[in-house]
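Can you read through this structure? Questions will come right after.
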Amino acid sequence: MNRCLLIACLVLPIAAASGQTDELASREARLETLREQIGALQDRLAEDRQRAGGLEAELGRLERRIGETRTTLRDLEAGIQRRRERIRELEADIVRRAERTTAHRQQLAESLRATYRQGRTPALRLLLNAGEPARLQRLLVYQSRLAGARTEAVQAAESAIRELRDQRAERADALAAQQADRARRQERLEALQAKLDERDALLASTRERIREQDEQLARRRDEAESLNQLIEDLRERLAAAGPDADATVDIAEGGLVWPHQGPLLARYGSQRAADLDWTGLLIGGAAGDPVNPVAAGQVVFADWLRGLGLLLIIDHGNGYLSLYGRNQALYANVGDRVTTRDVIATVGRSGGRAETALYFELRAAGKPVDPMSWLQSRDDDD
């Protein structure tokens, strides 16, 4: 009985340590996924903020143009009103002049009829009928001046009517042109207003999206912080349980093989978003290219995770973990012991990524480290 109890006491810590290692790897993978999501959110936020700034600038330009157009329309309305009043004055003046001209014509017609009644040679008749030469001379001069004045009055009235009619037509043309210009400006104002409403709605939706993404980013950061704390707690419990000697591999700087020989697309520490840097390497390749472990170890995670797609994590002991993400397929399972000769996965773009590449990360004591310091040198390391 005591022997069984002793065996149980020895097995339970080992099983607990193994379970905690699996939990730790899973939590670390989740943390990396959160960092991926935070980076994507920050990229989208930066784009949306830039788009919102551009929309606000365009709104400012549109509102200034609309204000200027409204001012021009107001001036046009005032000008149209002034011309309408002037045309009404001209029309009244034309009526008065036409009435006076009609009176002049009536007087002239009466004079012509009187002259006709007197005969075609009124001057000769006056000469024969007149008694005194002086009186006769005065009558002739008076009649001549009266006829000339009436003729001049008629001609002046007719000239004034023609001038007023020409002016009225000119004013009417100007009014029509001004009204057409006003209609065009009104149409332009409506188009500008429609564009302004469209931009205003787009800006409002962009601001709402920024607000939602800010909230989502805050939640992701809180979750990442909580997960970091949880990983530290798990690591302390693993350290208290003692190391697994069988899973320990001697990890030395410059001694790890490359997981894939593709070109480097992103390096550790390079900027990924506004306030987030890459914590691993992005290695390009063709879909289906083989992926090998950088060192021997035990697979502690092999599954799909949001952001990293098909992810595989290997525990090399002494606190070293290697992560392989965005794979097309996984060829190793949790618990498998692998070496650098084994193909554990193939390059892909799982996790909703646009480019085909392998994401590789190396962790020491739970913290990401620069893999370039640990991997063997190659020609494109510069």
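Computed from the coordinates by the stated procedures, all read-outs in this text should not be read as laboratory data. Since the model is a prediction, treat every value here as computed from it, not as a measurement. Here the Cβ positions follow ideal geometry from the backbone for every residue, glycine too, while neighbour counts run over all protein chains shown.
Under a 5 Å amide H to amide H cut-off, with H placed in plane at 1.01 Å, what residues pair with Arg306 once short-range neighbours are removed?
Here the answer is none, since no amide H 5 or more places off falls under 5 Å of that of Arg306.
Going 7 Å from the Cα of Gln50 in the Cα-to-Cβ direction, what parts of the range 197-212 have a backbone nitrogen less than 15 Å from that spot?
none
Tell me, rounded to the nearest percent, the portion of alpha carbon pairs in the range 285-382 spaced more than 20 Å apart.
34 percent
Restricting the calculation to Cα positions, tell me the Rg (one decimal) and the Dmax (whole number) of the range 275-315 in Å.
Cα only, the range 275-315: 12.2, 34 Å (Rg, Dmax).
For Arg188 and Arg341, calculate 0.36 nm times their separation in residues minus their Cα-Cα distance, and state this gained length in nm to one decimal.
Using 0.36 nm per residue and subtracting the Cα-Cα distance, I get 47.9 nm.
Calculate, axis by axis, the spread of Cα positions in the range 258-342 along the three principal axes, and write the results as whole Å, longest axis first.
Projected onto its principal axes, the Cα set of the range 258-342 covers 38, 30, 24 Å.
With θ set to phi - 60° and the Karplus curve 6.51 cos²θ - 1.76 cosθ + 1.60, what are the ³J(HN,Hα) couplings of the range 299-315 in order, to the nearest whole Hz, using x for Gly and Pro?
Karplus-based 3J(HN,Hα) across the range 299-315 equals 6, 10, 8, 8, 6, 8, 10, 4, x, 10, x, 6, 10, 10, 10, 10, 9 Hz.
Something else: Between Thr72 and Gln271, what length in nm is gained on full extension when 0.36 nm per residue of separation is reduced by their alpha carbon distance?
Result: 66.6 nm gained on full extension.
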